[in-house]
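Structure first, then comments.
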Amino acid sequence: MRLYLINPSNPLVSIVKVKGNRWNRYRVWKPLNLMVLAGLTPPEWEIAIVDENLGVPDYQAMPRPDLVGVTAFTSQSNRACEVASHFRNLGVPVVMGGIHATMCLDEVTERVDSVVTGEAEGIWPHVLEDARHHSLKRRYDGGLAEMNDVPLARHDLLAAGYAFGAIQTTRGCPLNCSFCSVTAFNGAKYRQRPIADVVREFQSIREKHVLVVDDNLIGTRPEHIARAKDMFRAMAQAKLRKKWIAQATINFADDEELLALAAKAGCSGVFIGFESPTPEGLLEVGKKFNLLKGRDFRASVRRIQRHNILVGGSFIIGLDIDEPGIGKRIAEVASQYGVDSLNVLFLTPLPGTRLWDQMTSQGHIALDTFPEDWKYYTLTFPVAQYKHLSLDGILQEMISCDRDFYSMSRILRRVWSNLWQYRKPLIALVGNLSYRSNLRLNCKAYVDFKRYWANRHNCIKQS
Ligand code: B12
Ligand code: SF4
């Protein structure tokens, strides 16, 4: 029995495509979900994982599979359905799973043979059994998995072509920020994998650099943090010789022992969601957590950096509180906090989030001709109507934020401070130049986007 597991490409992710900028090689990440599915698949299945982000293969020239499994983020869902329709035309059944299939079940059910919602660990072997007996059901629900059931991902199946390996050590997030799908999909209960599994899986990864995909690396409660420390100790003891980056909340900065252990275990960078430069903005997105204990963000960032760990900051533009000038303000605040890199995204109503419900009820979703418009749900385009910012206005805010934060003078200042603190000046320089050289690509993409937006709204007026 032959199984293809496919990660569809997203043409709009070309904004960070390798062609346009060779540094973007560092932004092509492994589809860990398909490697986990492969780990759940019994040996009688011969598996190939196809990652279209590395190039779309000639499917005609490939041997006919018995089953195809496709994953998709919302922004990839149209391409996922094109791939599905290619194989369905050949009479090959197609199963789709992942975040978009779960959040837009009815839409996806019409476009594939079978849909798996939720996490796959508890259900995928049954799906495969049904496929073997030609009795696939239209829908399956995996719910939330037991972390003991998460298999070691099949890192051997996607061996070449990536700068980073990938691993997951926890699932779920108790914080439930309004714009984020994680709590809706993976639940509010913070679930941690057995430490021995994490260490064994790390040992099976060939890449020297690894992305830990967890949404919230250390969790929020003392028992989460105690377990994170145990995990870092075990990783250090195992002498993994890996450098890894991860996503964490700002409380990562609050415990010197935790930071020292993370660094010893190989942590070289963390992405932290600051979201908004103002307390009002944080309240608006439901991230009060960042405000606890009268936090001093600059001191927190500095504490992390002292352990030789780079800090990437993430912010959002388009909150109700955001007025003209927000772009420069974010660049200024991020520089004051002292982050090594900045990633700013447009507030985007992803299906299944609290923000989606809110914007739908207010009629604020501007690009809402689905499924076509999903391709712009990459968080790099403003798909909604924003309270104080027009379409042109919000694009200008993003451009001025990026130009300001990634101006040559600011980059040099950051690299200098990096050098001075004996951290990682070269990585900081490469990272910053990579962002900077994407600015031109972004501006081009905005021109096309505005054309698309104008056509879409003319069509609506005419109809
Ligand atoms: C790592 C990651 C990335 C990596 C890409 C990894 C990759 N190639 O898969 C990078 C950094 C590139 C990335 C980019 C983006 N990401 Co991202 N990312 C994640 C993150 C943090 C972890 C994903 C992961 O590996 N999870 C571990 C695996 C094991 O879990 P899983 O994917 O859920 O898979 C399980 C089930 O879903 C299911 N399953 C999945 N696929 C399939 C397929 C079949 C056939 C079956 C049966 C089951 C199944 O089985 C798996 C095992 O249980 C998630 C958050 C999250 N917790 O999922 C966000 C997340 C998926 N990303 C998100 C977004 C929005 C993006 C971007 C669009 C925006 C951005 N600028 O960040 C981009 C663009 C990507 C694109 N191609 O369009 C959103 C997606 C929401 C949505 N509705 O689409 C998430 C949920 C985060 C959030 N804040 O809401 N991302
Ligand atoms: S944005 Fe981060 S902190 Fe907020 S719910 Fe999502 S994963 Fe949790």
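The values are calculated or read from the model by the stated rules, or taken from the named source; none is laboratory data. These numbers were taken from a predicted model, which means no experiment stands behind them. As a convention, Cβ positions derive from the backbone with ideal geometry for all residues, glycine included, and neighbour counts pool all protein chains shown.
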Cβ pairs under 9 Å, 6+ apart or interchain, first in region 425-448 and over 22 Å from R414 (Cβ atoms), second assigned to a helix (DSSP H, G or I) and polar (S, T, N, Q), ordered by first then second residue, are A445/S14
Scan of region 67-84 for residues that are more than 18 Å from P57 (Cβ to Cβ), more than 16 Å from ligand 2 (Cβ to nearest atom) and not in a helix (DSSP H, G or I), ordered by number: none
Region 284-308, residues that are under 25 Å from V182 (Cα atoms) and in a loop (DSSP other than H, G, I, E, B): V285, G286, K287, R295
Of the listed residues (G122, G91), the one being in a loop (DSSP other than H, G, I, E, B) and more than 24 Å from G352 (Cα to Cα) is G91
Breaking point among (1) in contact with a Lys or Arg (Cβ under 7 Å, 6 or more places away or on another chain); (2) part of a helix (DSSP H, G or I); (3) in contact (Cβ under 8 Å) with a residue 24 or more places away in the chain; (4) under 30 Å from R354 (Cβ atoms), for P277: (2)
Which members of region 183-218 meet the condition of being over 21 Å from D156 (Cα atoms), away from ligand 2 (no atom under 12 Å from the Cβ) and either in a strand (DSSP E or B) or in contact with a Ser or Thr (Cβ under 7 Å, 6 or more places away or on another chain) (or both)? R191, Q192
Count - residues of region 26-78 that are within 9 Å of ligand 1 (Cβ to nearest atom) and touching a helix residue (DSSP H, G or I) at 6+ places or on another chain (Cβ under 7 Å): 14
Tell me the residue from C173, C180 that is within 16 Å of ligand 2 (Cβ to nearest atom), out of contact with any helix residue (DSSP H, G or I) (no Cβ under 6 Å at 6 or more places or on another chain) and over 24 Å from D51 (Cα atoms), please. C180
Identify, please: which residue in region 34-57 is in a loop (DSSP other than H, G, I, E, B) and at pLDDT below 95 and is, among those, farthest from ligand 2 (Cβ to nearest atom)? P57
In the list R241, R298, R227, which residue meets the criterion of being basic (K, R), free of Cβ contacts under 8 Å to residues at least 60 places away in the same chain and closer than 20 Å to Q421 by Cβ? R298
Can we say G313 is within 16 Å of ligand 2 (Cβ to nearest atom) and assigned to a strand (DSSP E or B)? yes
May I ask you to verify whether Y435 is within 21 Å of G313 (Cβ to Cβ), among the aromatic types (F, W, Y) and surrounded by 18 or more Cβ atoms within 10 Å (Cβ to Cβ)? yes
Selection from region 369-392 of residues touching a helix residue (DSSP H, G or I) at 6+ places or on another chain (Cβ under 7 Å), closer than 24 Å to I321 by Cβ and of a type outside the set (V, I, T) yields Y376, Y377, F381, P382, A384, Y386, L389, L391
In region 248-262, which residues are without any contact (Cβ under 8 Å) to a residue 40 or more places away in the chain and surrounded by fewer than 20 Cβ atoms within 10 Å (Cβ to Cβ)? D255, E257
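Here's the yes/no breakdown for (1) modelled with pLDDT under 95; (2) more than 22 Å from I427 (Cα to Cα); (3) under 15 Å from the mean Cα position of the chain (by Cα):
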| position | (1), (2), (3) |
| --- | --- |
| V182 | no, yes, yes |
| N186 | no, yes, yes |
| V199 | no, yes, no |
| V210 | no, no, yes |
| M231 | no, yes, no |
| A238 | no, yes, no |
| A246 | no, no, yes |
| D255 | no, yes, no |
| L258 | no, yes, no |
Scan region 148-185 residue by residue and report those that are within 11 Å of ligand 1 (Cβ to nearest atom) and more than 23 Å from W356 (Cα to Cα). D149, V150, P151, A153, L158, Y162, F164, A166, I167, Q168, T169, T170
Residues of region 130-148 being loosely packed, with under 12 Cβ neighbours inside 10 Å and not in a loop (DSSP other than H, G, I, E, B), which ones? N148
From the residues in region 186-204 that are of a type in the set (A, V, I, L, M, F, W, C) and either within 24 Å of K293 (Cα to Cα) or surrounded by 20 or more Cβ atoms within 10 Å (Cβ to Cβ) (or both), which one is farthest from ligand 1 (Cβ to nearest atom)? F202
Mind checking whether some residue in region 357-365 is within 16 Å of ligand 1 (Cβ to nearest atom), under 30 Å from A428 (Cα atoms) and touching a residue at least 40 places away in the same chain (Cβ under 8 Å)? no
Quick check: anything in region 290-304 buried (at least 20 other Cβ atoms within 10 Å of the Cβ), within 13 Å of ligand 2 (Cβ to nearest atom), over 23 Å from P425 (Cβ atoms) and not basic (K, R)? yes
Could you list, in sequence order, all residues of region 155-167 that are assigned to a loop (DSSP other than H, G, I, E, B) and touching a strand residue (DSSP E or B) at 6+ places or on another chain (Cβ under 7 Å)? L158, A163
Odd one out for W374 among (1) surrounded by fewer than 22 Cβ atoms within 10 Å (Cβ to Cβ); (2) touching a His at 6+ places or on another chain (Cβ under 8 Å); (3) in contact (Cβ under 8 Å) with a residue 40 or more places away in the chain: (1)
